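Quick notes on the structure that follows.
The values are calculated or read from the model by the stated rules, or taken from the named source; none is laboratory data. The structure presented is a predicted model; accordingly, all values stated were derived computationally and were not measured. Positions of Cβ are generated from backbone atoms using ideal geometry, with glycine treated the same way; all protein chains shown enter the neighbour counts. Remember, those area values only see protein heavy atoms, side chains included, never the ligands or the DNA or RNA. Shrake-Rupley method; radii C 1.70, N 1.55, O 1.52, S 1.80 Å.
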Amino acid sequence: MANFTIDGKICIERELGVVPTNREFEDFISYFDVLKTCKWISDNNYSKVCLQFPDELLNVSAVIFEEIKNICDVDLYILGDTSYASCCVDAVAAMHVQGDAVIHYGRSCFTKSNIPVFTVLPKKELNLSSSMKTLQDKFDSDKLDKLCLFYDCEFEHYKDEIEKAWYQQYPNSYIAHIEMDENRKRFLGRLIRDVNGEVYNSDVLKNCTCIYIGFSGQTLFIYTISIEAKQWFSLNPETLEIVSKTETAWFKRRRFLIEKCKDANTIGILICKLAGDQTKDIISRLKDLCKVNGKKSYIISVGKPNVAKLANFPEIDIYVMVACPENDLYNYRDFYKPIVYPFELEVALNSNREPYFTSHVTDYDELLPGNKHYCDLNEATETTDVSLITNKIRETKVNSSIESSMELAEKQSMALETIGQNLQERSWKGLEQKLGETEVKKAEEGRQGIPLQYNNEPE
């Protein structure tokens, strides 16, 4: 129990540090694109705008608020604690104040939103000449093998200089530019262009060596598993070290979890993404996958998931997480039940998909009709095979898709009875309201602290 119990005073009395803002006024205005932000608000005649900040920028949120108010006559609201990942636009929080638009600060996953968004990306210094010199020493020419350059969003303000230096050195290669607007050829917030500005699909990268200028992290990881290329390299702009990137061990783990999906009887659809049309569509798609394979599915929304929250659902065999591409499933490796991506459930339960894959689909929008990685779903047939994990016989029992209303009602009733039975078998069934059974009392001061140790309990 040592890993699960701590002194409650540590949590209650902990002081939260605030990073001081030492930037000069002119630099501050430029760093956070205050003038561009105000112009965007004025040009679109927005009257109520929300400012969304990640945790690391909350200390400057009030200053930015005041600077925009000094220039624009607009009602502003600060969104601090997002429902899920800070890279996603919190359209739900903006709806609470009936906001017209959102100004999003910090790193972004560039996913679709049902509210107008102006993105202010972070900025970092880049020694471009040293970086290009290092690349030239490693890749002297692109005559035989074409190259494609990816750069971190922190260097977007250098995009013109990067483009000029890159095409001067590698005129036959490509750059994966950051693209804010919707485009059919956009993937993971990027558009591939050549020296003439022509746009290409991501398929062109299969014959390219891809280079990422930036620091190792979730963004680079998503690129290396999602984009099929001849080889991946990353260049650290500070140390100027070039490293080859491979994710063989990660793919082995995902294939193991695909087999776990096949073994599962009850699947939890874990919602970790803000509301939107694409979220509704992928939920419907996952439910259909479970239905045609004779598996039960439950939609679960608990905000930011943690071990304690998901431990309340012991009936679930495996979770499929509906989240933005930047959400790192590695952070959920210590949960009691496995968590997979929608693509992995597709591979496990859709017989039309190739069972072996060398690249991953982290953006679930691509799995929906009309997109690149969509695959038709056929009605499953009753089959028998052997689990590669348990070595036990695994049966797929499915019923006819044509059912009478009476049969459907009986199935729904049986499903409700199953849920009720699971709840009755638990030792703790939740708080009981006991309406009308308790006497009326005056309000009195309650306990303070956390359940592990309240202030009126002996230490």
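Among (1) more than 24 Å from VAL302 (Cα to Cα); (2) in contact with a Lys or Arg (Cβ under 8 Å, 6 or more places away or on another chain), where does CYS72 come up short?
Only one criterion in (1) more than 24 Å from VAL302 (Cα to Cα); (2) in contact with a Lys or Arg (Cβ under 8 Å, 6 or more places away or on another chain) is unmet by CYS72, namely (2).
From the set of residues in the range 165-184 that are free of Cβ contacts under 8 Å to residues at least 60 places away in the same chain and exposed (fewer than 14 other Cβ atoms within 10 Å of the Cβ), which is nearest to ILE103 (Cα to Cα)?
So, considering only residues that are free of Cβ contacts under 8 Å to residues at least 60 places away in the same chain and exposed (fewer than 14 other Cβ atoms within 10 Å of the Cβ), the one nearest to ILE103 (Cα to Cα) is ASP181.
SER129 passes all but one of (1) more than 30 Å from ILE41 (Cα to Cα); (2) touching a Ser or Thr at 6+ places or on another chain (Cβ under 7 Å); (3) among the polar types (S, T, N, Q); which number fails?
(2)
Can you tell me which residue within the range 296-313, out of those that are under 13 Å from ILE269 (Cα atoms) and polar (S, T, N, Q), is surrounded by the fewest Cβ atoms within 10 Å (Cβ to Cβ)?
The residue in question is SER301.
Could you tell me whether any residue of the range 223-236 is in contact with a His (Cβ under 6 Å, 6 or more places away or on another chain) and either free of Cβ contacts under 8 Å to residues at least 40 places away in the same chain or open to solvent by less than 20 Å² (accessible area, probe 1.4 Å) (or both)?
yes
So, ARG426, is that one among the basic types (Lys, Arg), surrounded by 10 or more Cβ atoms within 10 Å (Cβ to Cβ) and at pLDDT below 70 or not?
yes
What residue, among those in the range 52-103 that are open to solvent by 60 Å² or more (accessible area, probe 1.4 Å) and closer than 23 Å to GLY189 by Cα, is nearest to the chain's Cα centre (by Cα)?
Looking at residues that are open to solvent by 60 Å² or more (accessible area, probe 1.4 Å) and closer than 23 Å to GLY189 by Cα, I get ASP55.
Give the range 135-181 a look and list any residue that's outside any loop (DSSP other than H, G, I, E, B) and closer than 19 Å to LYS206 by Cα, or say none.
LYS146, LEU147, CYS148, LEU149, PHE150, TYR151, TYR174, ILE175, ALA176, HIS177
Within the range 132-141, is there a residue that is open to solvent by 50 Å² or more (accessible area, probe 1.4 Å), of a type in the set (A, V, I, L, M, F, W, C) and not assigned by the TED database to the domain that holds LYS48?
Checked against the condition, which is being open to solvent by 50 Å² or more (accessible area, probe 1.4 Å), of a type in the set (A, V, I, L, M, F, W, C) and not assigned by the TED database to the domain that holds LYS48, the range 132-141 yields no hits at all.
With the structure loaded, tell me whether LEU205 is free of Cβ contacts under 8 Å to residues at least 40 places away in the same chain and open to solvent by less than 10 Å² (accessible area, probe 1.4 Å) or whether it fails that test.
Judged against the criteria, LEU205 is not a match.
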